[in-house]
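Some notes on the structure that comes next.
The values are calculated or read from the model by the stated rules, or taken from the named source; none is laboratory data. Fair warning: this is a prediction, and the values are worked out from it, not measured in the lab. Every residue, glycine among them, receives a Cβ derived from its backbone with ideal geometry; neighbour counts consider all protein chains shown.
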2 protein chains.
Amino acid sequence: MSPKVTVLTGGVGGAKLVEGLGAILAPADLTAVVNTGDDFRHFGLAISPDIDTLLYTLSGKANRTLGWGREGETWSFMAALRSLGGEDWFNLGDGDLALHVLRSARLAGGEPLSRIVGDFARQWGLGLTILPMSEDPVETRVDTDQGLLAFQRYFVEHQCRPAVRAVDFVGAETARPAPGVIEAIACADVVLIAPSNPWLSIDPILAVAAIRQALIDTRAPVVVVSPLVAGKAVKGPTAKLMAELGLAVNNHTIAAHYQGWMAGMVVHGEDAAPGDVPVARTDTLMHDRGDRERVARVALALALDLR
Amino acid sequence: MSPKVTVLTGGVGGAKLVEGLGAILAPADLTAVVNTGDDFRHFGLAISPDIDTLLYTLSGKANRTLGWGREGETWSFMAALRSLGGEDWFNLGDGDLALHVLRSARLAGGEPLSRIVGDFARQWGLGLTILPMSEDPVETRVDTDQGLLAFQRYFVEHQCRPAVRAVDFVGAETARPAPGVIEAIACADVVLIAPSNPWLSIDPILAVAAIRQALIDTRAPVVVVSPLVAGKAVKGPTAKLMAELGLAVNNHTIAAHYQGWMAGMVVHGEDAAPGDVPVARTDTLMHDRGDRERVARVALALALDLR
């Protein structure tokens, strides 16, 4: 019998770990709880970047060159939009638009996000359970030296250049976990935290009080896969942001961040790790399917050891 | 000084006449009042087929092979939509989506359709004035042997196959003309009715009571370009629909339809025409720019003769 695994995840790195878990677990035993703090409306369309990255990655549609969006994408929409004087700071691929248009229409029709995402996953042949962390609006907002920025403005328009002073999650205090999230954490044999940015991708999930409490309460060991590789982030602004927040860019800081409910940690190669935390080591760079499966196996084995 | 011309128009045939008028008039002297009875929401997006056909035709972007949409269009959106199980009876090209997404967003932001359309036209370098007939919802509905169908369901999904018993325009009784429409008719030197389907494309405009009254009141001669060519329609269901409504498919029927305010008529070649109406003759098939300009010149000359 394979263990029931629930993984909290954000963007690209997290999606790779989930792909690795998908290769070694029965689909029915795998649940991904996904950050929706990045979700926003653009031209009125409901965009869920982290959910879509996961859908694209798991269905083999992800654009590996860009690191976002679809492989083989076309860009007629953006060209026409520019010709009409429309805002073009956020790139919407032609195929990518289908997710946003259909999601927006179904949300407007009163369907819950979790059902819509579940249908999308099934349509693309994915057997795991993908849950948005919440169906209530939570907006990750970055306080920077250039002012308060909505997450996508910071991440895409300003390409993470502004120095971050603080991050907050508007709406998180009152947001309820999406249906199934608490059960997925409470009833799991193993809970994993993907190597996503702790401050930008995992913290929005933890900011939903009931989810944080479920992580404290669950009998499952919670194992964190560190997002750091030799004191750097694989991709994205993790290391830069840690430095801006006055934090040492190392696994001690990651461990301290998840302190209180983290049972163990997967760290990269020979990277330094806190002495008081059970640790497993592997090359956490996930270039190909083999890498992803290996990191998933190591994380899972550590967690099962800690039960 | 060139005459001020206002043309009432619907789809492809009408757009060709407007293009011809654009070639012989100063842009500031040309106003097109466009049917919005075909407008509908699809996936929540506001789609204005006749306005968009006019925008595409005048800006040289129209797809001549398909007879709708954009030249050089890509179809990634529809492919992705199908993979997600979305409804695919209405084709939305990737570039075409830009008009719908931007229009929907601006409407949701409270902007009036006429301003949005005006901006689109300006962005694409068009100098004429394009006015939706109304900014209030008017829905062309076709009563057929397969039941009551919304226009696009009849026209696109059922490809005009059902036999038509009647056509009505839901909302027309209370719809107000869009700003500028009445003035454009009242102050014109010449009013033209494009060779669009009288029952499906022109009647929705006439169903707005104030517009019909303006046509009766205007001192400008109103000249109709017949949509019939040798007892047939160039394209679309005009002739089929006339027969289904029990009408003779000839110019006498067209003249009777516009009776009361029509001052003259442009008919094709040697086609029979009612004896009591001033008529001008030309080949009304508008294959190329030269044809379009010629038909425009003939219609304009007849109207100026009738002043």
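State all residues of segment A:206-233 that are part of a loop (DSSP other than H, G, I, E, B) and more than 17 Å from A:Leu192 (Cβ to Cβ); if no residue qualifies, say none.
Within segment A:206-233, A:Ala207, A:Val208, A:Ala230, A:Gly231 meet the criteria.
Please identify the pairs in which a residue from segment B:164-193 that is under 17 Å from B:Tyr154 (Cβ atoms) has its Cβ atom under 6 Å from the Cβ atom of a residue that is among the hydroxyl-bearing types (Ser, Thr, Tyr) and outside any helix (DSSP H, G or I), counting only partners at least 6 apart or on another chain.
Taking only residues 6 or more apart or on different chains, the pairs are B:Val164/B:Thr144; B:Phe169/B:Thr140.
Looking only at residues that are surrounded by 15 or more Cβ atoms within 10 Å (Cβ to Cβ) and more than 18 Å from A:Trp75 (Cα to Cα) in segment B:64-104, which one is nearest to the chain's Cα centre (by Cα)?
Among those residues, the one meeting the criterion is B:Trp68.
More than 13 Å from chain B (Cβ to nearest Cβ) and outside any loop (DSSP other than H, G, I, E, B): does that describe A:Ala15?
yes
Would you please list the contacts, defined by Cβ atoms under 9 Å and residues six or more apart or on different chains, that run from a residue in segment A:1-16 that is within 16 Å of A:Gly290 (Cα to Cα) to a residue that is among the aliphatic types (A, V, I, L, M) and in a helix (DSSP H, G or I)?
Sorted first by the residue in segment A:1-16, then by its partner, the pairs are A:Gly14/A:Leu54; A:Gly14/A:Ile202; A:Ala15/A:Leu54; A:Ala15/A:Leu55; A:Ala15/A:Leu58; A:Lys16/A:Val295.
Kindly check whether there is at least one residue in segment B:55-63 that is within 30 Å of B:Cys187 (Cβ to Cβ) and assigned to a loop (DSSP other than H, G, I, E, B).
yes
Taking the condition of being of a type outside the set (D, E, K, R), surrounded by fewer than 14 Cβ atoms within 10 Å (Cβ to Cβ) and more than 30 Å from B:Lys4 (Cβ to Cβ), how many residues in segment B:164-183 meet it?
Looking only at that region, the number is 1.
Can you tell me how many residues within segment B:64-75 are in a loop (DSSP other than H, G, I, E, B) and under 21 Å from A:Asp96 (Cα atoms)?
Residues flagged as in a loop (DSSP other than H, G, I, E, B) and under 21 Å from A:Asp96 (Cα atoms) within segment B:64-75 amount to 5.
If we scan segment A:57-79, do we find a residue that is in contact (Cβ under 8 Å) with a residue 60 or more places away in the chain and β-branched (Val, Ile, Thr)?
Within segment A:57-79, none of the residues are in contact (Cβ under 8 Å) with a residue 60 or more places away in the chain and β-branched (Val, Ile, Thr).
So how many residues does segment B:115-127 have that are over 20 Å from the mean Cα position of the chain (by Cα) and within 7 Å of chain A (Cβ to nearest Cβ)?
So the count comes out to 1.
Please verify whether B:Leu192 is within 24 Å of B:Ala296 (Cα to Cα), surrounded by 15 or more Cβ atoms within 10 Å (Cβ to Cβ) and not acidic (Asp, Glu), treating the condition exactly as stated.
When the stated conditions are applied, B:Leu192 passes them.
Condition first: within 14 Å of chain A (Cβ to nearest Cβ) and touching a Leu at 6+ places or on another chain (Cβ under 6 Å). Now tell me which residues in segment B:18-57 satisfy that.
B:Ala46, B:Asp52
Is it the case that B:Gly44 is out of contact with any Ser or Thr (no Cβ under 9 Å at 6 or more places or on another chain) and either surrounded by fewer than 21 Cβ atoms within 10 Å (Cβ to Cβ) or at pLDDT 95 or above (or both)?
no
Filtering segment A:115-125 down to residues that are part of a helix (DSSP H, G or I) and in contact (Cβ under 8 Å) with a residue 24 or more places away in the chain, which residue is surrounded by the fewest Cβ atoms within 10 Å (Cβ to Cβ)?
A:Ala121
State yes or no: is B:Pro112 more than 13 Å from chain A (Cβ to nearest Cβ), touching a residue at least 24 places away in the same chain (Cβ under 8 Å) and surrounded by 19 or more Cβ atoms within 10 Å (Cβ to Cβ)?
Answer is no for this residue.
Residues that are out of contact with any Lys or Arg (no Cβ under 8 Å at 6 or more places or on another chain): which strands (runs of 3 or more DSSP E) entirely in segment B:126-186 hold 2 or more of them?
Where strands (runs of 3 or more DSSP E) fall fully within segment B:126-186 and carry at least 2 residues being out of contact with any Lys or Arg (no Cβ under 8 Å at 6 or more places or on another chain), they are B:129-132, B:139-144, B:164-170.
Filter segment B:251-273 for residues that are in a loop (DSSP other than H, G, I, E, B), under 21 Å from B:Ala220 (Cβ atoms) and in contact with a helix residue (DSSP H, G or I) (Cβ under 8 Å, 6 or more places away or on another chain) and give the result.
B:Tyr258, B:Gly260, B:Trp261, B:Met262, B:Ala263
Restricting to segment B:138-160, give me the number of residues that are surrounded by fewer than 15 Cβ atoms within 10 Å (Cβ to Cβ) and of a type outside the set (Asp, Glu).
Residues in segment B:138-160 being surrounded by fewer than 15 Cβ atoms within 10 Å (Cβ to Cβ) and of a type outside the set (Asp, Glu): 4 in total.
Would you point out the residue of segment A:192-205, among those that are outside any helix (DSSP H, G or I) and of a type in the set (A, V, I, L, M, F, W, C), that is nearest to the chain's Cα centre (by Cα)?
A:Ala194
Out of the residues in segment A:1-41 meeting the condition of being among the small types (Gly, Ala, Ser) and within 22 Å of A:Val229 (Cα to Cα), tell me which one is surrounded by the most Cβ atoms within 10 Å (Cβ to Cβ).
Top of the filtered list is A:Gly10.
Got a sec? Which of B:Val234, B:Val223, B:Val229, B:Val267 is β-branched (Val, Ile, Thr), in contact with a Lys or Arg (Cβ under 7 Å, 6 or more places away or on another chain), surrounded by 15 or more Cβ atoms within 10 Å (Cβ to Cβ) and within 20 Å of B:Thr9 (Cβ to Cβ)?
Exactly one residue qualifies, and that residue is B:Val267.
With the requirement that a residue be in a loop (DSSP other than H, G, I, E, B), at the interface with another protein chain (Cβ under 8 Å from one of its Cβ atoms) and not charged (D, E, K, R), what does segment A:76-109 give you?
Selection gives A:Leu84, A:Gly85, A:Gly86, A:Gly93, A:Gly95.
Quick check on segment A:128-137: of everything there that is more than 16 Å from A:Val18 (Cβ to Cβ) and surrounded by 16 or more Cβ atoms within 10 Å (Cβ to Cβ), which residue is farthest from the other protein chains (Cβ to nearest Cβ)?
My answer is A:Ser134.
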